[in-house]
1. What is the gain in length, in nm to one decimal, between residue 118 and residue 63 on full extension, counting 0.36 nm per residue of separation less the C-alpha to C-alpha distance?
2. Using θ = phi - 60° and the Karplus curve 6.51 cos²θ - 1.76 cosθ + 1.60, what whole-Hz ³J(HN,Hα) does each residue of the stretch 121-134 get, with Gly and Pro shown as x?
3. Sorted by packing (mean other beta-carbon atoms within 10 Å per residue), highest first, where do 36-42, 83-89, 101-107, 24-30 land?
4. Just to compare against my own numbers: the Cα pair-distance distribution for the stretch 67-140, 10 Å bins, whole % per bin, please.
5. From the C-alpha coordinates alone, can you work out the Kirkwood hydrodynamic radius of the stretch 52-96, in Å?
6. Which far-off residues, 5 or more places away or on another chain, put their amide H under 5 Å from the one on residue 65, with H placed in the peptide plane?
7. So if R0 is 35 Å, what FRET efficiency would residue 38 and residue 17 give, r being the distance between their Cβ atoms, rounded to the nearest 0.05?
8. Quick check: pseudo-label points 7 Å beyond the Cα along Cα→Cβ at residue 70 and residue 136, how many nm apart are they?
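Throughout, read-outs are computed from the coordinates displayed, never taken from laboratory work. These numbers were taken from a predicted model, which means no experiment stands behind them. Cβ placement follows ideal geometry from the backbone for every residue including glycine, while neighbour counts extend to all protein chains displayed.
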Amino acid sequence: MSFKLSGGDDGQLGENHEINVTPFIDVMLVLLIIFMVAAPLATVSVPVDLPASTAKPQPPAEDPLYLSVQADLSLTLGEEQQVNLADLPAALARTAPDIEQRIFLRADKGISYGDLTEVINALGDAGYLKVALVGLERAQ
């Protein structure tokens, strides 16, 4: 083994201009582990039985437009006009040309959530974004 003890220019180290990324990689791996552990805890998988509302009912609109979904998934626009889901945008354009009008959606209690969502999506695709769900008032 040999050591150089002289102070000449040959043995001096120059400045190192490279970034040491090892601490950054360590921090990123720790954050990755934290998020991998925390992500499953953030999901909601608790079944919920939603209660009926006891809120004060809003005053009805002057000329409300109702869309009713019966138990057999047939649609009634207004009080008499039977319409199917494919023809709903055209029927709404004839009945309520103003897409800013609120549509009151009445659905049978036995309708599945997916079927009701299809009707709401059809209303949204037709441009009617103001949809109100109608329910029965519950005694307090």
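1. So the chain would gain 17.3 nm between residue 118 and residue 63.
2. Computed from phi, the couplings for the stretch 121-134 are 5, 5, 5, x, 5, 7, x, 8, 9, 9, 10, 10, 8, 9 Hz.
3. The most tightly packed comes first, giving 101-107, 83-89, 24-30, 36-42.
4. Calculated P(r), rounded to whole percents: 19, 57, 21, 4, 0.
5. 12.2 Å
6. Those lying under 5 Å, H to H, from residue 65 are 104.
7. Working: r = 38 Å, r/R0 = 1.08.
FRET efficiency, residue 38 to residue 17: 0.40.
8. With each label point 7 Å from Cα toward Cβ, the separation is 1.9 nm.
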